[in-house]
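The values are calculated or read from the model by the stated rules, or taken from the named source; none is laboratory data. Just so it is clear, the model here is predicted, and its values are computed rather than measured. Here Cβ is always computed from backbone atoms with ideal geometry, including for glycine, and neighbour counts include all displayed protein chains.
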Amino acid sequence: MENRILLPTDFSKNSWNAIQYAIKLFEEKTCAFYILHAYTKETHGLDSLTLLDPDEAFNKMSEIRSKQGLGNILVQLSKLKKNDLHSFHVVSESTLLLNAVKSLHKKLQFNMIVMGAKGIGNKKVESYGQSTLDILKNLRKCPVLVVPTEANLDQPREIVLTTNFNTNIKISELKYLVAIAQLSNASIQVLSLTQPSKLSFSQKRNKVLIRKHLKDVSHNFNTLRNVKMAIALSCFIAIRQSNMITYVDKKPSLWQRLGFGKLSLNKLGYYADIPVLALHGK
């Protein structure tokens, strides 16, 4: 069965690294990769002639740059080791990235979105890009893998699943986590801050569900106490040298969608060299 993977790009180094990471991660799977660039009107770089018809000029210049950028990516891909299991498709859309992703997903039903942690415009050292956060907030129909610029292209050896067992994980998305672990024989370490003896009935039920669906891969449950998740996760990864993080991305509240309060991804902290996989809760 063919996997369909969406790869949004803004032609930055980070997005190219995410593309390479996805290709390496799924190197033994039949995949159709869709490389998407979305653009909106630009307001600089015009000469006197373009000012005669600004709207048309803006759109034309953006369209040309988009198609040239996608063409350059295809050239770069041609230089990589050929894999007969993989096919590549490029899509250029004149709209906001989020709208383009939603529209394309509705048509093609992607198995996963793999994108960079930040784009060209994000100059902050330890923060995720707004486009990445927008997709996590608004597209909850498939897993999203966020790949930072310094991420090693090697397949993961150990994946840390952070959870408080409060959110029901979609079974379909747990299957993707297991599939990724099986791609490279990675183990899954479930990390929680709640002691097993203090779990509520619903938390115990969710824990049993997770255990059931991880039965085909090596996994362990771990508990750290009296510390915030970002600190616990950072220490856990540093000690064990884990190289992928995954978490249950709870549906954001209206308050969070309006930009107030941290999203789940931000609560985990920023990792410059470790990919983060967002699984969506019910």
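Yes/no matrix, rows are residues, columns are (1) assigned by TED's automatic domain parsing to the domain that holds A38; (2) touching a Phe, Trp or Tyr at 6+ places or on another chain (Cβ under 9 Å); (3) of a type outside the set (A, V, I, L, M):
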position: L80; (1), (2), (3): yes, no, no
position: L85; (1), (2), (3): yes, yes, no
position: H89; (1), (2), (3): yes, yes, yes
position: S103; (1), (2), (3): yes, no, yes
position: L108; (1), (2), (3): yes, yes, no
position: V114; (1), (2), (3): yes, yes, no
position: A117; (1), (2), (3): yes, yes, no
position: I120; (1), (2), (3): yes, yes, no
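Of all residues in the stretch 194-218 being among the hydrophobic types (A, V, I, L, M, F, W, C) and surrounded by fewer than 17 Cβ atoms within 10 Å (Cβ to Cβ), which is nearest to the chain's Cα centre (by Cα)? Result: L209.
Contact annotation: residue pairs with Cβ atoms under 7 Å, 6 or more positions apart or on different chains, pairing a residue in the stretch 64-77 that is more than 15 Å from W16 (Cβ to Cβ) and assigned to a helix (DSSP H, G or I) with a partner that is of a type in the set (S, T, Y) and at pLDDT below 95, are S66/Y39. Pairing residues of the stretch 199-217 that are of a type in the set (A, V, I, L, M) with residues that are part of a loop (DSSP other than H, G, I, E, B) and surrounded by 13 or more Cβ atoms within 10 Å (Cβ to Cβ), at Cβ distances under 7 Å and at least 6 apart in sequence or on separate chains, gives L199/F165. Could you identify the single residue in Q155, Q182 that is in a loop (DSSP other than H, G, I, E, B), farther than 19 Å from K102 by Cα and either modelled with pLDDT under 90 or among the polar types (S, T, N, Q) (or both)? Just one listed residue meets the conditions, Q155.
Beta carbons closer than 6 Å, at least 6 apart along the sequence or on distinct chains, pair a first residue in the stretch 152-172 that is not assigned by TED's automatic domain parsing to the domain that holds I239 with a second that is aromatic (F, W, Y) for L153/Y21.
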